[in-house]
Amino acid sequence: MIKFDDTAKSVFPAPEPVFLPINGSSQLYPVRRIYCVGRNYLAHIRELGNDEREPPFFFSKHRDMIVQNGENCAYPALTKDYQHEIELVVAMKSGGMDIPVARALDHVYGYAVGLDMTRRDLQNRMKEKKLPWEIGKSFEDSAPCGAIYPVAQVGHPAKGRIHLTVNGATKQDSDLAQMIWNVSEIIHHLSIQAEIKAGDLIFTGTPEGVAALQCGDRMVARIDTLGELSVTVV
Ligand code: MN
């Protein structure tokens with residue numbers, strides 16, 4: 001790979017790095033890639049009418065689509081069915097390829113609450129045409145994410161309430177124990193298709209209760225021990 005030492009040769013300023021705050025620390029977590037698991041809670045697979053036996057699969061978002069806790073999310077273009085998906089986010093500190101399930105958690109730095117924002121009507125249209133989901137999943141402000149809680153503070157949460165309110169009303173309310181594929185299995189599967197590295201975030205899928213949002217709606221997403229993520233649609 002070509003190494004460019006002389007940044008003065010750049011024709012315009014290089015893109016800014018993207019960071020997430022770390023709970024209880026003044027240090028920051030630099031984000032590299034964002035992967036999301038397609039389907040990981042049975043009740044959500046049923047509410048969308050999908051195949052329950054499919055292995056986990058992944059799609060991507062870009063790091064500059066992250067929205068920080070307390071910020072606003074712009075209602076996106078092209079959709080009339082903009083939906084929330086609360087998800088446990090895994091933040092990697094190392095990685096590799098073909099990571100065995102038994103070693104997967106050694107590569108985790110910490111966990112956060114995230115929102116996999118979705119243009120459901122566009123996602124459904126692409127599914128029908130057997131085209132990529134990208135237009136339904138990867139767009140401006142589509143990846144709100146809260147502070148990273150290091151493993152040293154919270155361990156590896158395998159159960160605990162995952163709960164989202166919109167304007168104070170509960171919309172999604174489940175438990176991490178309902179995930180079909182656990183974090184170790186997700187990391188293992190992802191590492192077969194891609195080389196995982198420090199800074200990679202993995203959104204691990206959403207439980208049932210996804211619903212459409214309007215401008216002005218305030219989402220508050222919480223997972224036991226991982227604090228809260230609050231985002232308003234504008
Ligand atoms: Mn999702």
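The residues on offer are ASP106, ASP64, ASP81, and the sole one that is touching a helix residue (DSSP H, G or I) at 6+ places or on another chain (Cβ under 9 Å) and of a type in the set (D, E, K, R) is ASP81.
The numbered conditions (1) within 16 Å of the ligand (Cβ to nearest atom); (2) out of contact with any Cys (no Cβ under 6 Å at 6 or more places or on another chain) are all true for PRO157 except (1). Total residues in segment 1-24 satisfying the condition of being modelled with pLDDT under 70 and not polar (S, T, N, Q): the figure is 6. Counting only helices (runs of 4 or more DSSP H) that fall entirely inside segment 32-144 and contain at least 2 residues that are within 23 Å of ASN182 (Cβ to Cβ) and among the basic types (Lys, Arg), no element qualifies. Applying the condition of being more than 16 Å from the ligand (Cβ to nearest atom) and among the hydroxyl-bearing types (Ser, Thr, Tyr) to segment 13-45 and asking which residue is least open to solvent (accessible area, probe 1.4 Å) yields TYR29.
Of the candidates ALA169, ALA143, ALA91, ALA112, the single residue that is buried (at least 19 other Cβ atoms within 10 Å of the Cβ), more than 16 Å from the ligand (Cβ to nearest atom), closer than 30 Å to GLY216 by Cα and not hydroxyl-bearing (Ser, Thr, Tyr) is ALA91.
Hey, can you tell me all the residues within segment 213-233 that are away from the ligand (no atom under 15 Å from the Cβ) and either open to solvent by less than 60 Å² (accessible area, probe 1.4 Å) or of a type in the set (Phe, Trp, Tyr) (or both)? Once the filter is applied, which keeps residues that are away from the ligand (no atom under 15 Å from the Cβ) and either open to solvent by less than 60 Å² (accessible area, probe 1.4 Å) or of a type in the set (Phe, Trp, Tyr) (or both), segment 213-233 yields GLY216, ASP217, VAL220, LEU226, GLY227, SER230, VAL231, THR232, VAL233.
The values are calculated or read from the model by the stated rules, or taken from the named source; none is laboratory data. If you're wondering where the values come from, they're calculated on a predicted model, not measured in any experiment. Virtual Cβ from ideal backbone geometry, glycine too; neighbours counted across all protein chains shown. Please note that ligands, DNA and RNA were not included when accessible areas were found on the heavy atoms of the full protein model with its side chains. Shrake-Rupley method; radii C 1.70, N 1.55, O 1.52, S 1.80 Å.
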